[in-house]
Amino acid sequence: YGLERLNSSAEAEEIRDRHATYFLDLAQRAEPELTGTDQSRWLDLVSNDHDNFRAALTWATERGNVEPALLAAGALWRFWHQRGHLAEGRTRTEELLRQPSASSRTIGRFKALSGAGSLAYWQNDYEPTRAYYREALDIARDGNDRPGIALGALNMGFGRLLEGDRNGAEELFRESAAVYEEVGDLLGQAQTETLIGWMLSLRGDIEKGLERYEHGVALLREVGDRFGLADSL
């Protein structure tokens with residue numbers, strides 16, 4: 001009844017716009033918290049409002065307000081991954097990326113491509129994983145977006161691994177590590193340290209590999225990323 005009354009009112013579009021703006025902004029505010037010390041509470045918060053995020057993404061897409069929706073989808077991928085919504089999250093993100101107004105090489109497109117690639121990776125669907133990661137890194141490099149290059153190089157390192165190119169993967173992980181250090185991103189440094197440790201271990205250099213792993217684990221404890229810590233341990 002409430003929805004029927006809203007839809008029949010002159011304020012329906014304005015209220016839906018305000019609702020979408022609030023939840024698309026909240027998605028971006030939630031993103032760093034989903035890998036932080038309070039991540040369980042934030043995952044619960046996003047889960048409790050999942051229907052609101054769905055409605056906001058749908059409305060923004062219908063209205064052609066694609067850039068905020070792309071940014072929000074890119075921010076929500078870790079929630080969709082960790083709470084078991086891989087298929088839904090990927091479908092929504094890919095639908096956004098296919099919108100004609102989403103074709104510009106913006107930060108929003110970079111974020112959504114990174115999220116779509118990661119969701120495809122966790123579904124073991126590797127051809128689109130590589131394609132999404134490759135385009136995202138190209139966008140970051142073209143714009144000299146340093147944090148974007150760090151994330152893009154990290155992700156594309158996995159793309160190289162999927163192609164069996166360990167040397168290319170390690171080169172990208174090391175590039176990512178250097179840029180994460182440059183911009184002062186501890187979580188990124190932690191992730192790349194463990195990945196470099198993995199590459200060294202695969203080469204048989206166990207001692208140096210363990211040193212990188214231990215440094216990465218210490219940083220993960222510092223930033224409070226429980227998922228990353230479990231994986232690295």
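Taking the criterion of being without any contact (Cβ under 8 Å) to a residue 24 or more places away in the chain and touching a helix residue (DSSP H, G or I) at 6+ places or on another chain (Cβ under 8 Å), the residues of region 219-230 that qualify are R221, L229. Looking at T37, T61 in this structure, which one is in a helix (DSSP H, G or I) and either closer than 28 Å to Y121 by Cα or of a type in the set (V, I, T) (or both)? One residue alone meets the criteria, T61.
Quick grid of which residues meet (1) in contact with a Ser or Thr (Cβ under 7 Å, 6 or more places away or on another chain); (2) open to solvent by less than 40 Å² (accessible area, probe 1.4 Å):
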{"position": "N52", "(1), (2)": "no, no"}
{"position": "A60", "(1), (2)": "no, yes"}
{"position": "A69", "(1), (2)": "yes, yes"}
{"position": "R83", "(1), (2)": "yes, no"}
{"position": "T93", "(1), (2)": "no, yes"}
{"position": "R98", "(1), (2)": "no, no"}
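Considering each residue of region 32-42 in turn, at least one proves to be under 18 Å from L187 (Cβ atoms), of a type in the set (F, W, Y) and open to solvent by 10 Å² or more (accessible area, probe 1.4 Å). In the set G197, G216, G157, only one residue is of a type in the set (G, A, S), open to solvent by less than 30 Å² (accessible area, probe 1.4 Å) and within 24 Å of T93 (Cα to Cα); that residue is G157.
The residue pairs whose first member lies in region 167-181 and is within 13 Å of I149 (Cβ to Cβ), whose second member is among the charged types (D, E, K, R) and in a helix (DSSP H, G or I), and whose beta carbons are closer than 8 Å, counting only pairs six or more residues apart or on different chains, are L172/R160; A177/E193; V179/R146. In the condition set (1) open to solvent by less than 70 Å² (accessible area, probe 1.4 Å); (2) more than 18 Å from L71 (Cβ to Cβ), D138 is compliant with all but (1). Checking Q123 against (1) open to solvent by 50 Å² or more (accessible area, probe 1.4 Å); (2) in contact (Cβ under 8 Å) with a residue 12 or more places away in the chain; (3) within 22 Å of G36 (Cα to Cα), which test does it fail? Among (1) open to solvent by 50 Å² or more (accessible area, probe 1.4 Å); (2) in contact (Cβ under 8 Å) with a residue 12 or more places away in the chain; (3) within 22 Å of G36 (Cα to Cα), Q123 violates only (3).
Here is the figure for region 1-12: residues that are open to solvent by 100 Å² or more (accessible area, probe 1.4 Å), in a helix (DSSP H, G or I) and either under 14 Å from A56 (Cβ atoms) or at pLDDT 90 or above (or both) total 2. Every test in (1) under 15 Å from L76 (Cα atoms); (2) exposed (fewer than 14 other Cβ atoms within 10 Å of the Cβ); (3) modelled with pLDDT of 95 or more is passed by R18 save one, and that test is (1).
The values are calculated or read from the model by the stated rules, or taken from the named source; none is laboratory data. In this text, all values refer to a predicted model and were calculated from it rather than measured experimentally. All Cβ positions, glycine included, derive from the backbone under ideal geometry; neighbour counts span all protein chains shown. Accessible surface is based on the protein model in full, side chains and every heavy atom, while ligands, DNA and RNA are left aside. Shrake-Rupley method; radii C 1.70, N 1.55, O 1.52, S 1.80 Å.
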